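The values are calculated or read from the model by the stated rules, or taken from the named source; none is laboratory data. No experiment lies behind these values; they were computed from the predicted model shown. As a convention, Cβ positions derive from the backbone with ideal geometry for all residues, glycine included, and neighbour counts pool all protein chains shown.
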Amino acid sequence: MANIQIRKYQEEDSETVKELFTSGMNEHLPSAFVHLLKQPLTHMLLMCTFCSLVATSKSFLLPVLAVALLLAAGRQAVVHMFNAYIGASLKSDLDDVVESYLRRRDSCFWVAESDGRVVGTVACLPAENAPEFLELKRMSVCRSHRGKGIAKALCRTVADFARDRGYPAVILYTSMVATDAQRLYERVGYKKIRQFPLPDFFPKIINFTLIEYKLDLERDK
């Protein structure tokens, strides 16, 4: 981790932090679309559309075009789902990181800096649904700087912060398609607690789920 410094967020980091978050989220679009294609409901819709049009039109061109349009619509729906989450995040805590994290009790936001450039972020705050724990949020590392131990160092920063303030554990939520993030969290000691669907209609029908992880600090000494 040569030339890497982890420090608290500063106002001038705002645009870079938003760009890192947005690009990191968009990396999961292909995996989310593949997940959609694997769903039985998707198979049924595509097959029924194809077969019914073949039977009624006596042509293969129209069914193929219809299936192609359905696939394009499905990809747009996945893009819309991600864009909605990104937009909501940029308008909430990431719109004013200082107010959302640095001025709140037991909360903080850090960046990892390499040669004067922000290449990673992480934050924490008391968990909304379990305030006895801290929640790790906004973990992101620039693709060009992965594999250098930055993400692990950011995880340790949050764990040390929580331990110093007497919290027994850190929790986090990540999506089912963020497989690299899941492997990272498990390598640094997080345990999978549960997996549950998002409440919105489209994520529900495509079985798109979130995974909750927990790091027990009482055993992480």
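Okay, here's what the table says:
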| item | result |
| --- | --- |
| Given (1) among the β-branched types (Val, Ile, Thr); (2) closer than 28 Å to Cys155 by Cβ; (3) in contact with a Pro (Cβ under 6 Å, 6 or more places away or on another chain), number of the condition Val54 does not satisfy | (2) |
| Single condition Glu212 does not satisfy, out of (1) of a type in the set (D, E, K, R); (2) surrounded by 14 or more Cβ atoms within 10 Å (Cβ to Cβ); (3) touching a residue at least 60 places away in the same chain (Cβ under 8 Å) | (3) |
| Selection status of Asp216, touching a strand residue (DSSP E or B) at 6+ places or on another chain (Cβ under 8 Å), more than 28 Å from Met81 (Cβ to Cβ) and of a type in the set (D, E, K, R) | yes |
| Any hit, region 171-185, residues being of a type in the set (Ser, Thr, Tyr), in a helix (DSSP H, G or I) and under 22 Å from Asn129 (Cα atoms) | yes |
| Counted residues, region 101-117 - those being touching a strand residue (DSSP E or B) at 6+ places or on another chain (Cβ under 7 Å), surrounded by fewer than 21 Cβ atoms within 10 Å (Cβ to Cβ) and in a strand (DSSP E or B) | 3 |
| Residue pairs meeting the criteria (Cβ under 8 Å; at least 6 apart or on separate chains; first at negative phi and at pLDDT 95 or above, in region 143-167; second surrounded by 14 or more Cβ atoms within 10 Å (Cβ to Cβ) and assigned to a helix (DSSP H, G or I)) | Ala151/Leu184; Lys152/Leu184; Cys155/Leu184; Cys155/Tyr185; Ala159/Leu217; Ala162/Leu217; Arg163/Leu217; Tyr167/Leu217 |
| Flag if Thr16 is of a type in the set (S, T, N, Q), over 16 Å from Tyr85 (Cβ atoms), in a helix (DSSP H, G or I) and modelled with pLDDT of 95 or more | yes |
| Residues located in region 143-161, provided they are crowded, with 18+ Cβ neighbours inside 10 Å and under 28 Å from Pro197 (Cα atoms) | Ala151, Leu154, Cys155, Val158, Ala159 |
| Restricting region 37-90 to residues that are farther than 17 Å from Ile206 by Cα and not in a helix (DSSP H, G or I), the residue that is farthest from the chain's Cα centre (by Cα) | Lys58 |
| Residue list for region 196-221, restricted to those being in a helix (DSSP H, G or I) and either at pLDDT 95 or above or over 28 Å from Pro40 (Cβ atoms) (or both) | Leu217, Glu218, Arg219 |
| Region 8-63 - residue that is of a type in the set (Phe, Trp, Tyr) and more than 30 Å from Leu102 (Cα to Cα) and, of those, surrounded by the fewest Cβ atoms within 10 Å (Cβ to Cβ) | Phe60 |
| Pairs where the first residue, in region 47-58, is under 14 Å from Leu71 (Cα atoms) and the second is at pLDDT below 90 and acidic (Asp, Glu), C-beta under 8 Å, 6+ apart | none |
| Index of the failed condition, Tyr185 passing every other in (1) over 23 Å from Ala32 (Cα atoms); (2) within 14 Å of the chain's Cα centre (by Cα) | (1) |
| Inter-residue pairs, beta-carbon under 6 Å, first at pLDDT below 95 and in region 100-126, second surrounded by fewer than 18 Cβ atoms within 10 Å (Cβ to Cβ) and part of a strand (DSSP E or B), 6+ apart | Ser114/Ile4 |
| Which listed residue, of Thr179, Thr121, Thr174, is in contact with a helix residue (DSSP H, G or I) (Cβ under 7 Å, 6 or more places away or on another chain) and within 21 Å of Ala32 (Cβ to Cβ) | Thr174 |
